[in-house]
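Report on the structure given below.
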Amino acid sequence: MGKHTLPEMPYPYDALEPHLDARTMEIHHTKHHQAYTDKLNAALEACPAEIRDRDVEAILSGIGGVPDAQRGAVNFNGGGYDNHRLFWAGMKPGGGGEPGGALADAIGASFGGFAEFKQKFSSTTAVIQGSGWGWLAYSPSSGKVEYRSMPNQTSPRTEGLVPLLGCDVWEHAYYLKYQNRRPDYISAWWNVVDWDEVDARLARAR
Ligand code: MN
């Protein structure tokens, strides 16, 4: 029995309709996120206690310290576990619009404005090759927010960044409703972003 458990969804599976469909949400949570959770636990059982006993954020931030034999599995499944937690909690019914306050200021400082940020995030995430995530992340070293495309389930934490907002562009996130139309899925996803949650993550990261 591993220590990580699948987090409960903060809203019903159909709450983000019509943007994200209920069937996709249910499979994504109960099958995909569950699998990352189980495989993270399995990989950690093969790790020394000093690694196993850390929280997942610390494990990912210090991925280089994970033994060679487990590093790939911990990177993939630990990232999958953490990324999806952030994904569910970063959305809400009736979300969307634009951020305010400190988050709006940080986005303005890095991208020139919200419209410019949204355009860059959408267009760059749409062309990620294969499976991956688009992220808005905070860099503690620069004190700024930045965009990152990450492959597969690799977390921005592995690059010393704090993930603030992620868009999952694995086909499992959108194929039932959008098939090959990834840009349409990304456009719809903006309508459910919970900017208050993203702003709170920035405040904690600072
Ligand atoms: Mn996913």
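The values are calculated or read from the model by the stated rules, or taken from the named source; none is laboratory data. Predicted, not measured: the structure shown is a model, and the values here were computed from it. Methodologically, a virtual Cβ is constructed for each residue, glycine included, from the backbone with ideal geometry; neighbour enumeration extends over all protein chains shown.
Numbers below:
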read-out	value
First in region 12-30 and among the aromatic types (Phe, Trp, Tyr), second anywhere and within 14 Å of the ligand (Cβ to nearest atom), Cβ under 7 Å, 6 or more apart	Tyr13/Met25; Tyr13/Glu26
So Thr24, is it in contact with a Ser or Thr (Cβ under 9 Å, 6 or more places away or on another chain) and either part of a loop (DSSP other than H, G, I, E, B) or polar (S, T, N, Q) (or both)	no
Test result for Glu171, closer than 15 Å to Gly132 by Cβ and either among the polar types (S, T, N, Q) or within 16 Å of the ligand (Cβ to nearest atom) (or both)	yes
Hits in region 41-50 (condition: surrounded by fewer than 19 Cβ atoms within 10 Å (Cβ to Cβ) and either part of a helix (DSSP H, G or I) or assigned by TED's automatic domain parsing to the domain that holds Thr154 (or both))	Asn41, Ala42, Glu45, Ala49, Glu50
Residue match in region 72-79 (condition: closer than 20 Å to Val162 by Cβ and either assigned by TED's automatic domain parsing to the domain that holds Gln179 or not in a helix (DSSP H, G or I) (or both))	no
Which listed residue is within 18 Å of Ala200 (Cα to Cα), within 16 Å of the ligand (Cβ to nearest atom) and at pLDDT 95 or above, from Pro151, Pro163, Pro99	Pro163
Any hit, region 135-147, residues being surrounded by 14 or more Cβ atoms within 10 Å (Cβ to Cβ), over 16 Å from Glu57 (Cβ atoms) and under 13 Å from the mean Cα position of the chain (by Cα)	yes
